[in-house]
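So the structure is just underneath, and the comments pick up after that.
Derivation of every value follows stated rules applied to the coordinates shown; laboratory data play no part. The structure displayed is predicted, hence computed values, not measured ones. As a convention, Cβ positions derive from the backbone with ideal geometry for all residues, glycine included, and neighbour counts pool all protein chains shown.
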């Protein structure tokens, strides 16, 4: 997915139970802002990362949630070819389909419960479009993972994983007591990246991190296992989720901090949510448009390479053509007058 804001600002990145009297002091609720994805009748997405102060959760540096949206009256998601550097894109659907094409030759439908993972490295271009025969509803998320310095100039590649590990979380009572025997089902967890409770995703990662989808049953309370050495976040995709004294509404992300080995999650309605986490990312980043770099000059070089080859990419160029997509490629916005500066993961 692309950041299609016409004048993108520099993105400045860097064990309680249910409903206590006050929110846990180590947490932070990041409310999303609505961003149009495309032209005048664009589909709106809810962007929670990067936030004003909290710019990253582990290596996760960008989080858009969208839908449920009825795409039948219009074109749905139509994101033309655009470039990326220095990151991985993680595409996840709850409902609907999206057609992914990229400049390394990938041509893949994104479907619910399956992972499309694109590693940009030194440079890649891709498009994302709602197919003509797509289901009526579109609902999902796209997230970015920043690549560490040792890997960010590597060759681009693409992975599709249709068979991901799953586990069930047992239902807890209101006091968080252990479940009866045999335990009742409270939530289904799909491990998207990294590892959860001994189940490991086949997706390639470059820093210690995890990402998982939880589908909570109506009224369920469950205990989600966490890695204490990671910081974590909970991104609600539809129904409100309750945890650690917070009500996390659709599109919002609750930062959980470090040191937790679990979080108790509750929803009155059936709820889809993502739990993301990882070791705190040590490198300061420059995030601008669709680029994740380390300094102003690196961003300028990437933008120049894209604009020079955007209409007719030459063989061997940094951003080859996206085969099979006949639409015009997305022009890069103008750079700001001031130099872009690297930012830490969190502003105190």
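For the stretch 180-225, the extents of the C-alpha atoms along the principal axes are 38, 20, 14 Å, listed from largest to smallest.
Computed over the chain, the per-residue total of -39500 (n - 2.57) for DSSP H runs of n ≥ 4 gives a 222 nm mean residue ellipticity of -1500 deg cm²/dmol, rounded to 500.
Sorted from longest to shortest, the spans of the Cα atoms of the stretch 94-235 along the three principal axes equal 52, 41, 22 Å. Counting every other Cβ atom within 10 Å of each residue's Cβ, 317, 106, 127, 72 order from fewest to most as 72, 317, 106, 127.
The percentage of C-alpha pairs in the stretch 166-278 whose separation is greater than 19 Å is 41%. Per the Debye formula on identical point scatterers at the alpha carbon atoms of the stretch 306-348, with no solvent, log10 I(q)/I(0) at q = 0.16, 0.19, 0.35 Å⁻¹ is -0.63, -0.73, -1.28. Compute the Cα gyration tensor for the stretch 20-99, then decide on rounded, prolate or oblate, letting a ≥ b ≥ c be the square roots of its eigenvalues: rounded whenever a/c is under 1.5, prolate when a/b is larger than b/c in the other cases, and oblate in all that remain. Judged from the Cα gyration tensor, the stretch 20-99 comes out prolate (a/c at least 1.5, a/b above b/c). Over the C-alpha atoms of the chain, the Rg to Rh ratio, Rh being the Kirkwood estimate, stands at 0.96.
State log₁₀ I(q)/I(0) for the stretch 66-175 at q = 0.14, 0.16, 0.20 Å⁻¹ as given by the Debye formula over alpha-carbon point scatterers of equal weight, solvent excluded. So the normalised log intensities are -0.62, -0.76, -1.04.
Inter-label distance, residue 307 to residue 34: 3.2 nm, where each label sits 7 Å from its Cα along the C-beta direction. More than 18 Å apart: what percent of Cα pairs in the stretch 221-277 qualify? Distances greater than 18 Å cover 23 percent of the Cα pairs. Ranked by the mean number of other Cβ atoms within 10 Å of their residues, highest first, the peptides 304-313, 83-92 fall in the order 83-92, 304-313.
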